[in-house]
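First up is the structure itself, then whatever we jot down about it.
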Amino acid sequence: MSIGAPIQDPEPAFLYEIPHDTAAPACIPGILRTVLSGTQLYSSDDISDVLGMTLIRLHPEEITPAPEPEEEQALSVLRALSDPGDDENPFLIGFVMKDGGLMRLYVQHPGRSGLIGVDIHLTDTLTALTASLPSLIEEKERHQPAPDDPYCDLIVDLTGC
């Protein structure tokens, strides 16, 4: 797989070649974040010229993928919860970023009044968490009053999930 800038771009263009059998697709963004985040050293055997662009062959097994930034993690959660296709899922009303990698989601359960603030850690396994969010906010033992948050009626703390 090669990733690069359009050929018409007047800036020097680079192609990064990642052998298709050496990295899982989910690892590629982290590999590219690492490669693009600073100076990298490459062997002359890994550099060539293709279509007027510099081709750099990457060796994913030698690269430690950079972690996903907090902003990208937040966007992943928001995209997952913004799908309007299922009436059973809570409807995302808003969110606020908090210190320490925390995010408070504001959701409204269909057919119910009031907003629920849901606290999550962005570093948690978000796919499973967002998928189970509708059932987790229904568990009454998780409900807490929200005296300091004027935007919701109750808080559900999922930072321990």
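If only one of E138, E62 is at pLDDT below 90, under 30 Å from L15 (Cα atoms) and charged (D, E, K, R), which one is it?
Values: E138 fails: under 30 Å from L15 (Cα atoms).
That would be E62, the only listed residue that is at pLDDT below 90, under 30 Å from L15 (Cα atoms) and charged (D, E, K, R).
Could you give me the residue pairs with C-beta distances under 7 Å whose first residue belongs to the range 39-52 and is touching a residue at least 12 places away in the same chain (Cβ under 8 Å), whose second residue is charged (D, E, K, R) and surrounded by 12 or more Cβ atoms within 10 Å (Cβ to Cβ) wherever it lies, and which are 6+ apart or on separate chains?
From the range 39-52, the pairs are D46/R57.
Give L78, L32 a once-over and let me know the one that is in a helix (DSSP H, G or I), at pLDDT 85 or above, under 30 Å from G100 (Cβ atoms) and not β-branched (V, I, T). Can you show your working first?
Working: L78 fails: at pLDDT 85 or above.
When all the criteria are applied, what remains is L32.
The values are calculated or read from the model by the stated rules, or taken from the named source; none is laboratory data. Note that this is a predicted model, so its numbers are computed, not measured. Every residue, glycine among them, receives a Cβ derived from its backbone with ideal geometry; neighbour counts consider all protein chains shown.
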